[in-house]
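What follows is a set of notes on a single structure, which appears directly below.
The numbers here are math on the coordinates, done by the rules we state, and not lab data. Given the structure is predicted, the values throughout are model-derived calculations rather than measurements. We place every Cβ from the backbone using ideal geometry, glycine too, and count neighbours over all the protein chains shown.
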Amino acid sequence: MRFALSTSWFAEPASGDEVVDKALELGFDGLEIGYRLGAALVPAIAARVGRGEIAVQSVHAFGPVPEDVKAGHPELHHIADTDEDKRKLAVEKVLGVLESARSIGALAMVLHAGRVKEVFAPWAWVHGRIAAEHARGLVFRIRRKRMEALRAQLLPAYMDALRKSLDELLPSFSGAGVDLCLENLPSWDAIPQPDEAATLMRDYSGSALRCWYDIGHGQVMENAGKGTMAGAARDLADYIRGVHIHDVCGPAGDHQAPGMGGIDFASVSFFAGPQYIRVFEPAAGIPPQDLASGLALLKRIWPDEQISPGQRP
């Protein structure tokens, strides 16, 4: 069973060879090109891919770091932006990442689609990192209802922008043989939420559009009172191309190594299926021995066998 390591774990790698060597040393046989990786490191990684020493199946937008920014970030641009000029620029930049993904042989691009910006209003901001500790409280429930009502009112314009971008992008992704994967995020303002993602997948059935499920993000939202991580994963399983793997300490301390937090990874053991790309996405600074332990844990509790979506628990 193949597991990849996100290059975002490497704080300041000296070279692409260092990235590959360390991933292999820890027991990984793949990499995800993360949004913080410098472009200068990609050729060495690509050379190792070409020699069959390691695989790169996914690229996280907007990686490698574009030349026109000082530091990488997954939300430099949003294809669901309601500002038409910003939306067009986002489409252009995503196509640039697609070229990078295609050139290194990746099968999927991970993308944060956008956010309902107005939901950042102080009275409505109930991001999981704040709300999880008060998920059962009256004040939290009142704020959540207000936030959800505001989001529902504003969402159509954002979804129209997202669909317009998808209409422009998906033919290029299909032609390149790369899936465009929208990731679930640990916040209430993010687009799309799991039910919205399922609708998009049905509406764009047969295209290159897929979901990317982040287990840690799903757990943060569960801790904040928004469904369950495993339930959302099962509901989207037939649409998911890949998965980000990390644990959560407390209500919202995500991007830990598996086994360092409270996630029941056995509840999503269907991600052992060969149809899924599996990527560890720990925070920079997580000790390497914790990653090795987490990898051993997943290999032990996720059966190394072919599991079809219809067999998932």
Given 10 as the ceiling on other Cβ atoms within 10 Å, longest exposed-site-free region of the chain for GluC sites (Glu not before Pro) in DSSP loops: 68-304
Long-range lysine pairs (8 or more apart or interchain), the chain, Cα under 15 Å: 4
Relative contact order, percent, the range 175-226 [alpha-carbon distance under 8 Å, six or more residues apart]: 49 percent
Long-range HN-HN contacts of ILE277 with modeled amide H, under 5 Å: GLY242, VAL243
Separation in nanometres of the label points that stand 7 Å from Cα toward Cβ, at ARG202 and ARG146: 3.3 nm
Candidates GLN153, GLN193, GLN57: whichever shows maximal mean-square fluctuation once the chain is modelled as a Gaussian network with Cα springs under 10 Å: GLN153
TYR239, TYR204, TYR213, TYR158 arranged by Cβ crowding within 10 Å, fewest neighbours leading: TYR204, TYR239, TYR158, TYR213
Theoretical FRET efficiency, 1/(1+(r/R0)^6), r = Cβ-Cβ of LEU89 and LEU24, R0 41 Å, to 0.05: 0.65
Cα gyration tensor category, rounded, prolate or oblate, for the range 43-89 with a/c compared to 1.5: prolate
Long-range amide H partners of GLU32 with built H, under 5 Å: LEU5, SER6, THR7
Net length gained if the chain between ALA40 and GLU99 were fully extended (0.36 nm per residue, minus Cα distance): 19.7 nm
Computed over the chain: relative contact order in percent, which uses C-alpha pairs under 8 Å that are six or more apart: 17 percent
